[in-house]
Amino acid sequence: MKELVYPRFLLPRAERLADKVAFVDLTRDGVRYEGTFATHIDRLLRLASAMRSELGVEPGDRFAVLAMNGHEFLELYHAAMFGAGIINPLNIRFTPAELAYVLNDSDARVVFTDPVFATLLDRARDEEGAKIDKLVIIGGEVGDGITGRDGDTLGYEELLAAGEPVMPPEPEEDDAAVLMYTGGTTGLPKGALLQQRAEVLNVYHVLFEIGLREERRFLFQSPMFHAAVVAGVLGIPASGATSVTIPLFDPELVLRVIEGQRIDTTMMVPVMLSMLERAEGFSVESLQSLRQLVYGAAPISQTLIARWLEMLPDTDFLQGYGMTEAASVLTILSGEDHRRGGTVLTAAGRPVVGVELRITDSLGNALPQGDPGEVCARGGNLMREYWNKPEETEAAMRDGWYRTGDMGFLDDQGLLHLTDRMKDMIVTGGENVYSTEVENAIANHPAVQEVAVIGIPSESWGEAVHAIVVLKLGMTATAEDLIGYARQILAGFKVPKSVEFQDGPLPLSGAFKPLKRELRRRYWENRDRQVG
């Protein structure tokens, strides 16, 4: 079938609005790029052509992107959705070891990057054995501080110049398009493989909630590698709206761009709201153009959202809940719900059109309304599989239902309330951190006897990574010692923000595992949400 493939979504709108300026890249120095829909289609077709002729990327092959936001990232995503290959967006916070693991696991031998991250990829190759055949530099030239190896490095614009603006064979709905890595329970990331159908349906689900408006001006400030932004990366251009990007989140630049570009819609992780409030030059007046503000990927405190609702009473606030495996949205808390306020603000929202939720017990039996259990989801936007992990795929997908690992209940208004987490996962600043990985890092310190890592409430980050440590008899270590030790091994967002020391052993379950629910309780009790 062809109906749910991206070219049929994007092309009609792009052809009708061919001369509209639809892509604007901004930096602190001003406009870096400005392009029309016609230019965009020409460039992405040349890109898709050159990826095959110059790089040897065939449909079904994986290619990786490690870069800041920009129109090139959009072009690469769209080329994948036009069937040029399967895009593997890389977390810009990965360490060289994590990059090497993901690149080798996905077998993505072609990597698109920019000068900021080229050195990091060199370290992944030299120190960790990442297998990279071709490196394509975005926004820079080979020789300009970037050294190629035996002709394996070329410039992005040089690549496009070698391509032809011809349509590739149209993909099928069940063709894989995106391979996105998320945290793994063993400490190693695992790749969620998503098809055309899943990604396009996710866009439809989100646009059904926020509306299709050609006059929309959307600001991309959250990193484009993140699952939470994919609906915007694909949906904003396909709706005929204007995409405005900044390289990375920069509070002062965000304020200037929202005001100067008359941005009316954007998506933020809650910590960004906190950082904007503290930014130099912050004023409510600079945000008056905002008509919709979507937030998600991490929890938000009631005090923070209440402040923003008061500051911007004419702005629709929408919260999204989901995960990489759902491409990425399952529920949305609407602007109307936000205006109702009260306990509604502690909910994760209602299932988007096309998604079903049910709450199950430990045996997989559906529970009545109001009873807490595991949140399970069903819909066409779910992943096909975990890449090269059939056992984990089978455990997560049961009879067409995806087991999220989150605990919650549905109330009489159809709102989902999250109450706990089955997986030992922490969501901090929009990033998933599996506690096992952090525990493994800290446990290697010679002074550590036992360690348990949990998420604790954080006004800025939603949850903060917190380590509870029992030291070996007669040995000493400070919190700074352990945090510094972990920083040598882990990406910065995974490093504990705080460490506490316990004299006695950690509380254990019957299976001799730390009782993390007990450890979390004193931090989360008397809060509206029992997880971040």
task = Considering only region 258-307, state which residues are in a helix (DSSP H, G or I) and not hydrophobic (A, V, I, L, M, F, W, C).
result = GLU259, GLY260, PRO270, SER274, GLU277, ARG278, GLU285, SER286, GLN302, THR303, ARG307
query = Listed residues GLU252, GLU280; which is at pLDDT below 95, within 30 Å of PRO457 (Cα to Cα) and among the acidic types (Asp, Glu)?
reply = GLU280
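Per-residue answers, yes or no, for (1) of a type in the set (S, T, N, Q); (2) free of Cβ contacts under 8 Å to residues at least 24 places away in the same chain; (3) out of contact with any Lys or Arg (no Cβ under 8 Å at 6 or more places or on another chain):
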{"residue": "ASN432", "(1), (2), (3)": "yes, no, yes"}
{"residue": "GLU459", "(1), (2), (3)": "no, no, yes"}
{"residue": "HIS466", "(1), (2), (3)": "no, no, no"}
{"residue": "VAL470", "(1), (2), (3)": "no, no, yes"}
{"residue": "GLY474", "(1), (2), (3)": "no, yes, yes"}
{"residue": "GLY484", "(1), (2), (3)": "no, yes, yes"}
{"residue": "LEU490", "(1), (2), (3)": "no, no, yes"}
{"residue": "VAL495", "(1), (2), (3)": "no, no, no"}
{"residue": "GLU500", "(1), (2), (3)": "no, no, yes"}
message = I'd like to check which strands (runs of 3 or more DSSP E) are fully inside region 319-438 and have at least 1 residues that are in contact with a Ser or Thr (Cβ under 9 Å, 6 or more places away or on another chain), farther than 21 Å from VAL178 by Cα and among the aromatic types (Phe, Trp, Tyr).
response = 401-410, 431-434
note = Exactly one of GLY235, GLY260, GLY281, GLY240 is in the same structural domain as LEU10 (by TED's automatic domain parsing) and crowded, with 23+ Cβ neighbours inside 10 Å, and that residue is GLY235
inquiry  = I'd like to check which strands (runs of 3 or more DSSP E) are fully inside region 176-246 and have at least 2 residues that are under 22 Å from PHE37 (Cα atoms) and of a type outside the set (D, E, K, R).
reply    = 217-220, 242-245
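Every residue, every condition in (1) hydrophobic (A, V, I, L, M, F, W, C); (2) under 16 Å from GLU170 (Cβ atoms); (3) crowded, with 23+ Cβ neighbours inside 10 Å; (4) not assigned by TED's automatic domain parsing to the domain that holds LEU135, yes or no:
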residue: ASP42; (1), (2), (3), (4): no, no, no, no
residue: GLU54; (1), (2), (3), (4): no, no, no, no
residue: LEU66; (1), (2), (3), (4): yes, no, yes, no
residue: TYR77; (1), (2), (3), (4): no, no, yes, no
residue: ALA84; (1), (2), (3), (4): yes, yes, yes, no
residue: ASN88; (1), (2), (3), (4): no, no, yes, no
key: Members of region 240-258 that are among the hydrophobic types (A, V, I, L, M, F, W, C), under 19 Å from VAL203 (Cα atoms) and touching a helix residue (DSSP H, G or I) at 6+ places or on another chain (Cβ under 7 Å)   = VAL244
Among (1) surrounded by 20 or more Cβ atoms within 10 Å (Cβ to Cβ); (2) farther than 25 Å from ASP29 by Cβ; (3) aliphatic (A, V, I, L, M); (4) modelled with pLDDT under 95 - the single one LEU304 does not satisfy = (1)
inquiry  = For region 377-396, give me each residue that is over 18 Å from the mean Cα position of the chain (by Cα), hydrophobic (A, V, I, L, M, F, W, C) and either within 11 Å of ALA192 (Cβ to Cβ) or crowded, with 16+ Cβ neighbours inside 10 Å (or both).
reply    = ALA377, ALA396
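Residues checked against (1) farther than 27 Å from PRO7 by Cβ; (2) not β-branched (Val, Ile, Thr):
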residue	(1), (2)
LEU212	no, yes
ARG217	no, yes
GLN221	yes, yes
VAL230	no, no
VAL233	no, no
PRO247	yes, yes
PRO251	yes, yes
LEU255	yes, yes
THR266	no, no
message = If I ask for residues that are over 26 Å from the mean Cα position of the chain (by Cα), at pLDDT 95 or above and among the basic types (Lys, Arg), which ones from region 1-37 would you list?
response = ARG13, ARG16, LYS20
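The values are calculated or read from the model by the stated rules, or taken from the named source; none is laboratory data. Since we're looking at a predicted model, the values are computed, not measured. Ideal geometry is used to build each Cβ from the backbone, glycine not excepted, and the neighbour counts take in all protein chains shown.
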